[in-house]
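The values are calculated or read from the model by the stated rules, or taken from the named source; none is laboratory data. Values in this document were obtained by computation on a predicted structure and should not be read as measured data. All Cβ positions, glycine included, derive from the backbone under ideal geometry; neighbour counts span all protein chains shown. Surface accessibility is based on the protein's heavy atoms, side chains included, excluding ligands, DNA and RNA. Shrake-Rupley method; radii C 1.70, N 1.55, O 1.52, S 1.80 Å.
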Amino acid sequence: MNDIKLALLGSEGAGKSAVLVRFLTKRFIGEYASNTNSLYQKRLSIDGRQLNLEVFDPCSQSGESRCILEEPLDWADGFVVVYTISDRTSFLNAKNILAQIKESRRETCKGEVPICLVGNKQDLCHSRQVSEEEGRSLAQENKCIFQEVSAAENYLEISNLFTKLIRHVMEQLKHRGDRRRYSGSKSMAKLINNVFGKRRQSV
Ligand SMILES: Nc1nc2c(ncn2[C@@H]2O[C@H](COP(=O)(O)OP(=O)(O)OP(=O)(O)O)[C@@H](O)[C@H]2O)c(=O)[nH]1
């Protein structure tokens with residue numbers, strides 16, 4: 001069984017939890033507790049391979065320029081960076097997060113870091129502040145998968161995005177001789193507990 005570890009990053013209220021819960025449960029749930037770090041786990045089968053997916057959804061901290069946590073950066077095999085198309089600040093924050101991921105992986109990761117840039121709340125396009133083209137070029141600059149989605153309205157696009165990202169992660173892991181620094185024994189649950197003393201969840 002392959003372990004795939006993803007971290008969700010983005011501004012407060014960008015819809016990280018909504019996107020993830022849509023993928024994991026096919027449902028949209030309007031409000032989530034945002035003051036806890038959560039680790040979601042799910043068994044999946046992709047291309048006939050059984051996977052154990054773990055996704056870390058950190059709680060937001062106040063301040064857009066907050067530093068993302070070092071532990072998820074080290075721990076995760078891939079990242080989902082979410083911004084809101086109707087909030088330019090969240091887009092700028094996503095840009096900053098992408099730079100931080102690249103910087104943190106510069107030394108250790110020879111290949112591309114699997115990242116998916118998600119422009120969420122596409123249903124709010126009447127109050128759009130970030131064009132689709134801007135999102136696409138930021139993704140191209142950073143060699144990310146890109147898609148605008150609406151966690152409120154769609155499941156399929158989100159599911160396809162996660163599947164693409166997971167495939168990319170599987171490719172990268174296959175080519176990484178050293179596998180990962182944090183294998184089974186040092187799980188994210190432990191890391192989260194070390195840093196925050198918070199809970200873990202299973203979906
Ligand atoms: N219209 C619309 N609202 C959305 C969408 N996705 C999420 N929301 C709403 O945006 C708000 C924030 O969503 P969350 O999923 O909690 O966002 P988050 O990024 O996890 O927020 P934090 O946990 O505070 O960092 C909630 O009120 C959601 O209902 C979407 O696609 N469209």
Residue match in the stretch 89-106 (condition: modelled with pLDDT of 95 or more and in a strand (DSSP E or B)) = no
Among the residues of the stretch 161-197, write down those that are modelled with pLDDT of 85 or more and within 16 Å of the ligand (Cβ to nearest atom).
-> Leu161, Phe162
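Yes or no, residue by residue, for (1) modelled with pLDDT of 95 or more; (2) on the phi < 0 side of the Ramachandran plot; (3) under 13 Å from the mean Cα position of the chain (by Cα); (4) charged (D, E, K, R):
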position	(1), (2), (3), (4)
Asn35	no, yes, no, no
Asp57	no, yes, yes, yes
Arg66	no, yes, no, yes
Pro72	no, yes, yes, no
Test Val113 against the stated conditions and say whether it is more than 21 Å from Ala18 (Cβ to Cβ) and assigned to a loop (DSSP other than H, G, I, E, B).
-> yes
Where residues in the stretch 119-135 are over 21 Å from Leu8 (Cα atoms) and open to solvent by 60 Å² or more (accessible area, probe 1.4 Å), which of them is farthest from the ligand (Cβ to nearest atom)?
-> Glu133
The condition of being within 8 Å of the ligand (Cβ to nearest atom), at pLDDT 90 or above and either within 16 Å of the chain's Cα centre (by Cα) or of a type outside the set (Val, Ile, Thr) (or both) holds, among Leu44, Leu8, Leu24, only for Leu8
